[in-house]
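Below is one structure, written out as structure tokens; the observations come after it.
The values are calculated or read from the model by the stated rules, or taken from the named source; none is laboratory data. Nothing here was measured: the structure is a model prediction, and the numbers come from that model. Methodologically, a virtual Cβ is constructed for each residue, glycine included, from the backbone with ideal geometry; neighbour enumeration extends over all protein chains shown.
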Amino acid sequence: MMCGSCAAAVAAVLQRQPGVLGAGVNFAADAASVRWNPARTSLEAICGAVTRLGYPARPLGDGDSGTPHAALRRALQLRLAVAVCFGMWSMMAAVLLYLGPLGPVEPWARWYLALASGVLALPVLGYSAHAFYLAGWRTLRAGVPGLDSLITLAVVAAVLISGWRLAQGSAEVYFDAAVMLVTFQLVARLIDHRVRRQAAGAVQAYLRALPEQALRLDSMGQAETVPVAALTVGDRVRIPPGERIAVDGTVVTGRSAVDCSMLTGESTPRRCTTGRAVLAGSRNGEGTLEVRVDNAAGRRRIDRLARSVRHLLGHKSALQRITDRMARALLPVVIVAATLAAALVLANGGPVTEAAARALAVLVITCPCALSLAVPLVAVMAISQAGRQALLFRDPAVLEAAAGGRTVVFDKTGTLTESTPAVGRVDPAPGTDRDELLRLAASASAGSHHPLGKALQGVGTGVDTAGARRVDAGDGITWDGPHGRVRVGRADWLWRHGIDVPSARDRGTEVCVARGSSFLGRIHFHERLRPEARAVIASLRNLGCGIRILSGDSPRACRRIADQLGLAPQAVLARRTPEAKRAEIEALQRHDRVIFVGDGQNDGLALAAAELGLAVGEAEPTARAAAAAILPRGISAVPDALGLARHARNAMHRNLAWALAYNALALPAALMGYVPPVIAAITMGSSTLCVLVNSGLFVLSERRRDAEADRNLSNRYEPALS
């Protein structure tokens, strides 16, 4: 699909199919969401109807490689290059015609200049405008004529009238008006394509998080590397330590701790033994697992998440829907106005040529160039300005949501907290030195991939990497080194090895340390709140935003973070699956506009469902694909992104207000004959220029705001430096 008009045509055809209960289409995601009655129609029939319209359709996931966006962009750029090159020469001939009454051009030469203007315009009107003709015809067939139909009508009318005047020997032609119309619309289409086609990569980003190959075991237990797509239900695969799991399945043999944080948000890895289910996208810990495939590629939970994200990204923003409706509603109004203008001339005894010129002036001057540029132009400038601030907007269509957003929902694990847990309370046994306890625990954990092992390695001093280490997946590590046999792990695991572990109050995540048969102490862990989290929450509250936490982790872990941030217990939504997160976001959005901030694979649905989804820090690729903006600076950039988005939406509204005011004033003027076609083309270009100027003022204001913020920051820290 080339544009929103194409999407409207596809939606109209889908909704007219027998048995279709509802359909929604968005060209930004190259996706259609259709509900139908299987007793009356089929998926093949629905796809066939869309294909007959001229848009090849296939089920989502069936060779889902997406539209060749790069090729489409290159085609638009080539069409624009042709329009600019040949249009420039055509306009030069037209300018000489305008200057003819002043004397630079002899009367006998004017007809030849008019002919030259038409000949030079042919590549523009034939090649550059071809996509508009095609889309206009398709939308007309579908019964939903829009902007492309209006462009086609204006261009065809200009060419026919100009050809008729040339045949009469007159030099009053309007090829230049048609050329300007096509060129401006190609600019608008190219900008629109650039800023709104990012959503189509969401599914691929989800699936890129998974390995493409797996170790399949044969009946003799021998492993062979095969593509994941070749696996079938019942196959057995081996998952080495530290590898990401590629299938949904059940553990047949082995023990390990599986990190499910990217799917569920749980900060503590799950213990997986025989009979436990594992999900594609999770990362295996220290042990080797043998897993029976329950859901192969295409039917895994992460595949369902990917399809849901694609569906959510296919929805249009409210502002773009309004703009599309305005453009569609303008077509019948313009046609009626053009017909009325011609009728008024003929009723007053005017010649047919004057009637045709006035009708053409109405068609050209009311062509909604400014209206079509109002939203995407500000969007691309906002994205450019955001890039200067390390704010990477992916879906400008949701910038408008920030202006009314009053609820900011944060994921907890990895978003408000550090990705690695911190060592907290250390309880050495009597006679054991605290530093020695940490050093032994860190030495035993040297080289471990486990989050707790990484945390221990970060606090121990004088870590000894010598000796042999053996991992009992899900239980602990045994280190045979210069200091004897040291065990670090679960209390019940030490008990099974004959070590007397004193009972203690449950303080959450902990490991116990023993040397030989002697218990040395306990080391407790807690999630670390990011240093900037409190300041970010305070800034958002100053902006009038309510704050909530939405996490897959336990209620106790979530409340601990909420207490540190000064949030009430009712602001915490804990132990939520990705699907439940989406449901919570949708429920909140029934009453308010919601901004969701996350970084994990389990946040993809919530990021896509929210009116403004922000992926922060080193977010997972899936979170980046689903989010409207990526903030590499972390949550400290959330208030900046919110402010920029609000300013951008206000600029979009100013552009739309100007575009509507222009059409409200220009239409009556052209209708009464005050504006000839040439001036209509210039006026249409001037209205577009006004939109450009307003968009430029938005950029200037943002840069002044950034400079002022930098000065304030410099003044704030200057006394400390002096």
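Some points to look at:
- Condition check for Thr413: assigned to a helix (DSSP H, G or I) and either at pLDDT below 85 or in contact with a Pro (Cβ under 8 Å, 6 or more places away or on another chain) (or both): yes
- Of all residues in region 635-671, those satisfying the criterion of being surrounded by fewer than 20 Cβ atoms within 10 Å (Cβ to Cβ), modelled with pLDDT of 80 or more and of a type in the set (A, V, I, L, M) are Ala657, Ala661, Leu665, Ala669.
- Any chance Val511 is of a type in the set (A, V, I, L, M) and modelled with pLDDT under 90: yes
- So Ala720, is it part of a helix (DSSP H, G or I), surrounded by fewer than 12 Cβ atoms within 10 Å (Cβ to Cβ) and at pLDDT below 75: yes
- Screening region 539-552 for residues that are touching a Gly at 6+ places or on another chain (Cβ under 9 Å) and small (Gly, Ala, Ser) and picking the one that is surrounded by the fewest Cβ atoms within 10 Å (Cβ to Cβ) gives Gly552.
Yes/no matrix, rows are residues, columns are (1) within 41 Å of the chain's Cα centre (by Cα); (2) in the same structural domain as Asp603 (by TED's automatic domain parsing); (3) surrounded by 16 or more Cβ atoms within 10 Å (Cβ to Cβ):
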| position | (1), (2), (3) |
| --- | --- |
| Leu438 | no, no, yes |
| Gly453 | yes, no, yes |
| Gly462 | no, no, no |
| Arg470 | no, no, no |
| Ala491 | no, no, yes |
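- Any chance Ala535 is buried (at least 24 other Cβ atoms within 10 Å of the Cβ) and touching a residue at least 40 places away in the same chain (Cβ under 8 Å): no
- Search result, residues across region 553-563 that are exposed (fewer than 15 other Cβ atoms within 10 Å of the Cβ) and either of a type in the set (Ser, Thr, Tyr) or in contact with a Lys or Arg (Cβ under 9 Å, 6 or more places away or on another chain) (or both): Pro555
- Contact map, region 163-189: first residue surrounded by fewer than 24 Cβ atoms within 10 Å (Cβ to Cβ), second residue of a type in the set (Asp, Glu), Cβ cut-off under 8 Å, separation 6 or more or different chains; pairs are Arg165/Glu172.
- Residue in region 605-623 that is closer than 25 Å to Arg704 by Cβ and of a type in the set (Val, Ile, Thr) present: no
- The helices (runs of 4 or more DSSP H) located wholly in region 69-188 that include 3 or more residues which are more than 30 Å from Ala9 (Cα to Cα) and not polar (S, T, N, Q) occupy 69-98, 107-123, 147-167.
- Residues in region 502-532 that are acidic (Asp, Glu), closer than 30 Å to Leu614 by Cβ and surrounded by fewer than 19 Cβ atoms within 10 Å (Cβ to Cβ): Glu532 only.
- Residue selected from region 137-158 under the condition free of Cβ contacts under 8 Å to residues at least 40 places away in the same chain and surrounded by fewer than 24 Cβ atoms within 10 Å (Cβ to Cβ), by the criterion nearest to Thr366 (Cα to Cα): Thr152
- Meets criteria (assigned to a strand (DSSP E or B) and on the phi < 0 side of the Ramachandran plot) for Leu607: no
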